[in-house]
Structures are given as structure tokens and as C-alpha cells.
Amino acid sequence: MATTSATTFSIGSTVSFGSRGNPLPQSKPFVARFTSPNSLASFSGLKAATYVNCESESSFFGKESSAALRGSFVPKAQKANQKSQNGLQPVASYKFAILGAAGGIGQPLALLIKMSPLVSALNLYDIANVKGVAADLSHCNTPSQVQDFTGASELGNCLKGVNVVVIPAGVPRKPGMTRDDLFNINANIVKTLVEAVADNCPDAFIHIISNPVNSTVPIAAEVLKQKGVYDPKKLFGVTTLDVVRANTFVAQKKNLKLIDVDVPVVGGHAGTEVVEAKAGAGSATLSMAYAAARFVESSLRALDGDGDVYECSFVQSDLTDLPFFASRIKLGRKGIEALIPSDLSGLSEYEEKALEALKPELKASIEKGIAFVQKQPVTA
Ligand SMILES: NC(=O)c1ccc[n+]([C@@H]2O[C@H](COP(=O)([O-])OP(=O)(O)OC[C@H]3O[C@@H](n4cnc5c(N)ncnc54)[C@H](O)[C@@H]3O)[C@@H](O)[C@H]2O)c1
Ligand SMILES: O=C(O)C[C@H](O)C(=O)O
């Protein structure tokens, strides 16, 4: 199997991903584009405080969830004058679904979303083992209601009325495999699941995690087109893990505070370190769930009217000559409000070269995804 080549790179820093494996060159100057805590809040997806702090306004432990969590530890007598836990309402009532919820990413992602006060219903779908996951999760005393769905016959019910659907269903890589090696299995899984999304919640934001993202997003777009419900503003390839990694690596390498670093990552999705470290036991799950939860939270805040939400994502794009491209985007109630071109201007020579180098592979991945659906049209 071929090795993975880089289809993504970070801007405003010297970091890069992929098996070309360029270490962070010491000689190049580091430029953190967004350095103040205020601008970080605008651009990082999560509101500034992202640590586990029950007093925080961060949505993951927002007031209502924090109250519910604290409520667990308050003695009965003290609870008498407090609102009962069942009386706690989420701040907002968005319905959320995970397809592939019993997997390595799905489970921790479900847990993180269970902590969001913006979610009222958490629908978990998988072809296996989802009942136990849902039962386990449903004991967490946070406001959202958990329901499990399994098998094709329950997929439609899982998706009805859902505002945001995340798809991590599919197989992960083993060492020595490229993401493209997953195509033959995951392409069909994503196609089938997105057909159901088109039929049951065509207005939902759709977050695709299943690899190869550079092909599965074009697959999803083509399915939605054939179903007559494609809204390019609402289809997202989740590349947040690339950003999370870039921020971590740059902060470590440059001895910076994490709060002071936000590195936009453009191109497609790449990177290979975790697969090697897990040595056959899968790929990134915990960091991926963390990254996906951040993207979900950003989407929910945008849906809820926050006018200041920016993330990087692999989306339909006209920023380059490729039809899909990962860049920073502005999110709003109706999905993507703007693609942010500024990260692609004023590139260094190194960055320009990286951008040109990633294009042929990314183009091939996109075309492969589109051709897949065109050869096997969607079911009516
Ligand atoms: N976008 C990214 O940055 C990123 C990061 C890490 C992993 N991934 C990808 O995410 C995917 C999932 O990874 P994982 O570690 O969670 O794998 P996993 O094998 O642990 O979990 C996958 C889950 O999907 C379920 N599934 C399979 N077919 C299904 C179907 N038709 N409908 C519903 N559920 C189905 C399985 O039962 C399983 O529970 C992989 O393709 C992996 O490459 C993407
Ligand atoms: O490496 C993989 O196959 C999983 C994921 O895309 C990652 O970047 O960790």
C-alpha cells in the first residue's frame, strides 16, 4: 500500500503534516495570526474557556449542565429549594444524531455532546452495540435525552427532525494503510447514510468524519445532489483534528501558551502519527472526538445565532481551482456564511509550494468520490 502524502498544511506557522513528515524547521519565523484571547474566542470554535470548570460559561459545561452536575453532589436537604434536575431545561433545544455512535470516535463524542446544554435530544445510531452505549450515557444527569437506534429499519427515525448529524461510521486505518485504502468500504457506508439524511433531515448540518474525508465529502455532495437537496453551505468535512493538532504541536515546539495559538489548516485532511502509535488498534479516537465536539459546538452556536463563529472545514469551495478545499469558514444559522480567503494570501514560498504539491492528490480524491456515486446512483 502506498504511504500517505500530505494533502494539508498549516498557515501562519511552519508546521506541516503527512508522511513527508517535515519536522518544524527552527530557522523559519513562527507567525501566530490570532494571538489575543479575544480573537481566539472568535476563531477557536469553543468560547475561550475550554477547560473542565463547572463555573465556566463554555457550552460544554455551560450553566445548565454545570448546575446539573453540581446538583449530583448537593445533599438532599439543600436540594429542597432548588429546581429538580428534571426541571432543568437546556439553554437551547437542538436535536443531534451520531451515525456510528458505538465506535471508537462515536462513544467519546456522544459523551462530550451529552455535556452540551445546547442539545435536547441525542440520537445514537450504529449497526452494533449501540443499546448499551445509550443506556450507559443516559445515566449522566445532563439535560439531553438519549435514544438508541440500530439497523437500517431504525435509521429514518433516528434522523427525523435532526439539526446536526455527525457521521463517524466506517472502518479506521491500520499501520501501512492510506486513508484511500478505506475507500472501498467507507464510500458505500457514507453513501447509504447520507441517502437517509437526505430523506429524513435534508436541512441538517452534516459533519463527515469517515475517511477518506477528501473523498467521502464529495460522495455526500453527489448523493445530496441526486436527491435534489444539496445545500453546499451545510455539508462539512471535519478537519478540526488537523487544527487541534497544529495548535498543540506549535505551542509545544515554540513554548507558547495554547490560548495564544490558533493555526488555520488548509487543503484536505492528512496526518499519520496516531495510526502508527496504535499499532493496529485503530486510529485517532479521543482527540478526534474532542475535535469533532468542538466543531459540533461551533455549529450549534452558529445555529443559535452567535454571529462570531469561525472554524476550518473541508467544504465546497472556490478559493482554489479545486471544487472542495479545507479553509477557514464563517458559520451562521444557515451554514457557511463565508469562506475566508485571507489565510491563502501572502503565503511564504514554502507555503506556496506545499499548496501546489497537495493539489494533484486532493483533486484525484475528490474525483474518485464523485465518480463513485455517478456509477452507482442513489436509491430513489
Ligand atoms: N476526519 C478525521 O479527522 C478522522 C479522524 C479519525 C478517524 N477518522 C475516521 O473515522 C472513522 C471511524 O473511526 P473509529 O475509530 O470510530 O472506527 P470504529 O471502527 O471504532 O467505529 C466505527 C463504527 O461505525 C460503525 N458502523 C460501521 N458501518 C456502519 C453503518 N453502515 N452504519 C452505522 N454505523 C456503522 C461500526 O459498528 C463502529 O461502531 C474511520 O473511517 C476513521 O478513518 C476520521
Ligand atoms: O489517520 C487516520 O486514518 C485517522 C484520522 O484521519 C487521523 O488523522 O488521525
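The values are calculated or read from the model by the stated rules, or taken from the named source; none is laboratory data. Please read all numbers here as calculations on a predicted model, not as lab measurements. Here the Cβ positions follow ideal geometry from the backbone for every residue, glycine too, while neighbour counts run over all protein chains shown.
What do you reckon, is residue 135 of a type in the set (A, V, I, L, M), surrounded by fewer than 21 Cβ atoms within 10 Å (Cβ to Cβ), in a helix (DSSP H, G or I) and more than 10 Å from ligand 1 (Cβ to nearest atom)? Criteria met by residue 135. Does residue 166 satisfy the criteria of being within 12 Å of ligand 1 (Cβ to nearest atom), part of a helix (DSSP H, G or I) and either modelled with pLDDT under 95 or under 23 Å from residue 325 (Cβ atoms) (or both)? Considered against the rule, which asks whether it is within 12 Å of ligand 1 (Cβ to nearest atom), part of a helix (DSSP H, G or I) and either modelled with pLDDT under 95 or under 23 Å from residue 325 (Cβ atoms) (or both), residue 166 comes out as no. Tell me, please, whether a residue that is more than 13 Å from ligand 1 (Cβ to nearest atom), assigned to a strand (DSSP E or B) and either of a type in the set (Val, Ile, Thr) or under 23 Å from residue 101 (Cα atoms) (or both) can be found in segment 303-318. Yes, some residue in segment 303-318 is more than 13 Å from ligand 1 (Cβ to nearest atom), assigned to a strand (DSSP E or B) and either of a type in the set (Val, Ile, Thr) or under 23 Å from residue 101 (Cα atoms) (or both).
Residues are listed down the side, and each one gets a yes or a no for (1) within 16 Å of ligand 2 (Cβ to nearest atom); (2) within 18 Å of the chain's Cα centre (by Cα):
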residue: 174; (1), (2): yes, no
residue: 195; (1), (2): no, no
residue: 211; (1), (2): yes, yes
residue: 217; (1), (2): yes, yes
residue: 222; (1), (2): no, no
residue: 226; (1), (2): no, no
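The single residue among 194, 223, 244, 171 that is touching a strand residue (DSSP E or B) at 6+ places or on another chain (Cβ under 9 Å), at negative phi, modelled with pLDDT of 95 or more and β-branched (Val, Ile, Thr) turns out to be 194. Looking across segment 221-243 at every residue that is in contact with a Lys or Arg (Cβ under 7 Å, 6 or more places away or on another chain) and over 16 Å from residue 369 (Cα atoms), the one that is surrounded by the fewest Cβ atoms within 10 Å (Cβ to Cβ) is identified as 233.
Looking at segment 274-285, can you tell me whether even one residue there is assigned to a helix (DSSP H, G or I), away from ligand 1 (no atom under 13 Å from the Cβ) and basic (Lys, Arg)? There is no residue in segment 274-285 that is assigned to a helix (DSSP H, G or I), away from ligand 1 (no atom under 13 Å from the Cβ) and basic (Lys, Arg). In the set (1) at pLDDT 95 or above; (2) near ligand 1 (Cβ under 9 Å from one of its atoms); (3) buried (at least 22 other Cβ atoms within 10 Å of the Cβ), the condition left unmet by residue 271 is number (1).
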